[in-house]
1. Which trypsin sites (Lys or Arg not before Pro) does the stretch 257-302 hold that lie in a coil by DSSP with at most 16 other beta carbons within 10 Å?
2. Under a GNM of the chain (C-alpha, springs under 10 Å), which listed residue has the highest mean-square fluctuation: SER59, SER75, SER43?
3. Bin by bin, in steps of 10 Å, what percent of the Cα pairs in the stretch 100-256 do you find, going until the bin that has the longest distance?
4. With every protein chain left in place, what is the accessible area per residue of the stretch 199-340 in square angstrom, probe 1.4 Å?
5. May I ask you to give the solvent-accessible area per residue for the stretch 1-114, in square angstrom, as obtained with a 1.4 angstrom probe?
6. Hey, of [x] 21.2, 61; [y] 19.3, 62; [z] 20.8, 67, which did the structure itself give for Rg and Dmax of the Cα atoms in Å when calculated?
7. Could you please state, rounded to a whole Å, how far the C-alpha centre of the stretch 99-121 is from the C-alpha centre of the stretch 155-172?
8. Return the long-range amide H neighbours of PHE36 (sequence gap of 5 or more, or a different chain), with a cut-off of under 5 Å between placed amide H atoms.
Amino acid sequence: MDQAAAIDPILDLARPSVLRNPYPAYAELRASTPVFWHELLGSWVLTRHADCLAVLTDSARFASDWRRTGEDIPSPLLSVQTLDPPEHTAIRHLLLDGFRAQDRQALHDWMEGQVQGLLAELAGRPSFDFVGELAEPLALRFITAFLGVPAPDQAWFAPMSRTVVDGMDAGLWPEKHEPAVAARAELAEYAGGWLADPPEEGLIAYVARNSDAAGVDRTVLRNSLRAVLHAGYESASRLLGNAASALLTSPGALAAFRAAPPATAVDELIRYDAPVQADARVCVTETELAGVVIRAGDPVTLLLGAANHDPLRFPHPTELRLDRAPNPHLGFGRGAHACLGASMAIRLTGSLLGTLARACPDARAVAEPEYRRNLTLRGLDRFEVTLRPRQPGRGN
């Protein structure tokens, strides 16, 4: 494994030193081989912004639903994330209408109270794990409040969620596939319980009332609600952790965030170190892309983390510029499968980081962030921080 990783440009990304900062490795790939075939993945790999954007926005030629090329997809994997138009349209519209029907301002007002309460509790401690004690509990409270259901036990849910994330890298580590399919099925069964006894308010209540009229298959609906729960939790918690790492390990960055427009600053934090580092499609119709012929049936892996640092699209991409605008990053995807809850994740992140910057201006890291060994979704395993001011004469 170590010897292979030393010469393989994708496996190399899993080395601890590269996990901490994969962007120089991405830059080398963009410069040398922006489109290349990777034997272990059995996939074309794209690293430039323009090429990744072209694939994301062309569902006619590049499919999320691999059944369009004859693959047999297990039923737990059929959801709003994996279907293509026109089958995808009904479930996406149902969820979008449900999103719009919610009182999001009331949700964010409630969330502000949760943020303030958690920070007040943690401020009294010498240090704490930003990931496990703040980002993950906050993200789970937020997504389940939006769904209108009680939050599951974190001790049960978090390992299940991580198993699903590990399975996203099964192209490199095949042993992760079956546990991830089983975890998805268990989470879908859990989500099915919401539909059997729906709450009176929230997204679950809306889709339960309107799914029959929308013509959405019950299995697809259940799987899609599982996907909303899982994606909402993982995207938000990893975004919060990555953003905190960027702000709390760089002198002056937290103060700069306080002075910047919140949505603009969060957009830049997403571009700078996005949770979603890779996505995949399969070519449906033979296509030439960046001078390479991609045949029908060929998988295509999009390194979105590399695309978000493409100097052809972003001036000075290695710099964190919290006032960067416009900022056409691909951190939440594009096209038919763009993230449904992007605006909510941006607002949650702005709320937490804004409150942190105002109420705890001395917050800082007390240890280097530790990263999980995931390449598709990037995130921290642990990040020890303090909210207390530095004591004179002390190094921490």
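The values are calculated or read from the model by the stated rules, or taken from the named source; none is laboratory data. This one's a predicted model, so the numbers in the text were calculated from it and none came from an experiment. FYI the Cβ positions are ideal-geometry reconstructions off the backbone, even for glycines, and counts take in every protein chain you see. Please note that ligands, DNA and RNA were not included when accessible areas were found on the heavy atoms of the full protein model with its side chains. Shrake-Rupley method; radii C 1.70, N 1.55, O 1.52, S 1.80 Å.
1. Loop-located and lightly packed - ARG295.
2. Evaluated over the chain, the most mobile residue of the options is SER75.
3. Spelled out per bin, shortest first, that is 9, 33, 33, 19, 5, 0.
4. With the other protein chains kept in place, the stretch 199-340 gives 38 Å² per residue.
5. Accessible surface, normalised per residue, equals 49 Å².
6. Answer by label: [z].
7. Going from one Cα centre to the other spans 27 Å.
8. Counting only residues 5 or more places away or on other chains, the set is VAL45.
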